[in-house]
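One structure is given below, encoded as structure tokens.
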Amino acid sequence: MPILVISVIALSLIFDYTNGMHDAANSISTIVSTRVLSPRLAVLWAAFFNFVAFLIFGTAVASTIGKGMIDVSMVTPTVILAGVVGAICWNLITWYFGLPSSSSHALIGGYAGAAIAKSGFGVLIPRGWDKTLLFIILAPVIGLVLGYFFKIAASWAIFKSKQGPTGVDKWSRVLQLFSAAAFSLGHGGNDAQKTMGIITSLLLSAGLITVFKVPLWVVLSAHTAIALGTLSGGWRIVKTMGQKITKLRPIDGVCAEVAAASSIFFSTHFGIPVSTTHVITGAISGVGSVNRVSAVRWNVTLRIVWAWLLTIPCAAMVSGLIYTLAKLVLPA
């Protein structure tokens, strides 16, 4: 492989690693904040299920990212290099400030920004953006609604069982191990595929493959990178997600994670590159609002929403600038 292609593959996997690090909070924030598992055990639990997700999910999301949103015939390795570097930069900026923005949308925005800088807005495939842009709005709303109703259903079940707080807390802690595992499966299954799509587009644009089909080594590499990133943690964002939005108990964690996992499984099946960050944030807010609306710190949620709205355009601008500089020394 040309050195440039190898370098971009390495950077793409580094992005996947930062995705795992950045989005580790999504997988472990509730289970850590409810003290079901220690932070060390929680990241091991999440990383394992991030990795094995490739056994369950296909590559529909990878196809959407790789060939459904950008005209791959107009893409070059330099475009993908600039897109990935821009996404990594935005991930690190939001990680530093403790903002749970979407790594997925950073990658999408970065890829689009670099492609636009090379070929103009005509490189975008409009129909490919419909689902992604729609789910920027729908994802947190779906998570919120499901979290709200799951918490109501759980509260009704607790009332009917007539168990005391100790009994409820005991079985909720057991259930949260399974709900956290389900969410981590969804996270790995959806997010790792985004990097797979980028790398496969790179191989296609460099002429190393003739059709868009994700090689097995790309699948395994992406899942390994995201799992290792999760192992590294992401404690700044864990604090925001698990403590600042609303106070969580084990039963709350179960409801939020089941709600988020359900939404992500659905999206992954239909090839929608949904933001796991958006979904779990909405689910936590929905669970917290069952007790009373004021139980949710909506000012924190609003701050998170602003990070969501800024991610795609900011990552696009950063990547566009990086492409402009990169083409001075690399083939356009």
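Residue count for the stretch 135-161 under the criterion of being within 16 Å of the chain's Cα centre (by Cα) and either loosely packed, with under 15 Cβ neighbours inside 10 Å or on the phi > 0 side of the Ramachandran plot (or both): the result is 1.
Against the condition loosely packed, with under 14 Cβ neighbours inside 10 Å, assigned to a helix (DSSP H, G or I) and modelled with pLDDT of 90 or more, how does residue 167 come out, does it pass? In short, no.
Number of residues in the stretch 239-275 that are at pLDDT 55 or above, within 21 Å of residue 106 (Cβ to Cβ) and in a helix (DSSP H, G or I) equals 5.
Considering the conditions (1) modelled with pLDDT of 90 or more; (2) under 23 Å from residue 6 (Cβ atoms), residue 119 is excluded by exactly one of them, (2). Remark: pairs (first residue in the stretch 95-114, in contact (Cβ under 8 Å) with a residue 60 or more places away in the chain and on the phi > 0 side of the Ramachandran plot; second residue in a helix (DSSP H, G or I) and buried (at least 24 other Cβ atoms within 10 Å of the Cβ); Cβ separation under 6 Å; 6+ apart in sequence or on different chains) = 98/237. Annotation: residue 84 fulfils all but one of (1) farther than 19 Å from residue 325 by Cβ; (2) surrounded by 24 or more Cβ atoms within 10 Å (Cβ to Cβ); (3) touching a Leu at 6+ places or on another chain (Cβ under 8 Å); the unmet one is (1). One residue stands out among those in the stretch 122-147 that are in a helix (DSSP H, G or I) and modelled with pLDDT of 90 or more: the one that is nearest to residue 72 (Cα to Cα), which is 123. Answer yes or no as to whether residue 179 is in contact with a Pro (Cβ under 7 Å, 6 or more places away or on another chain) and either at negative phi or not hydrophobic (A, V, I, L, M, F, W, C) (or both). So residue 179 fails the test.
The values are calculated or read from the model by the stated rules, or taken from the named source; none is laboratory data. Remember, predicted model here, so these are calculated numbers, not experimental data. Glycine gets a Cβ as well: all are built from the backbone with ideal geometry, and neighbour counts include every protein chain shown.
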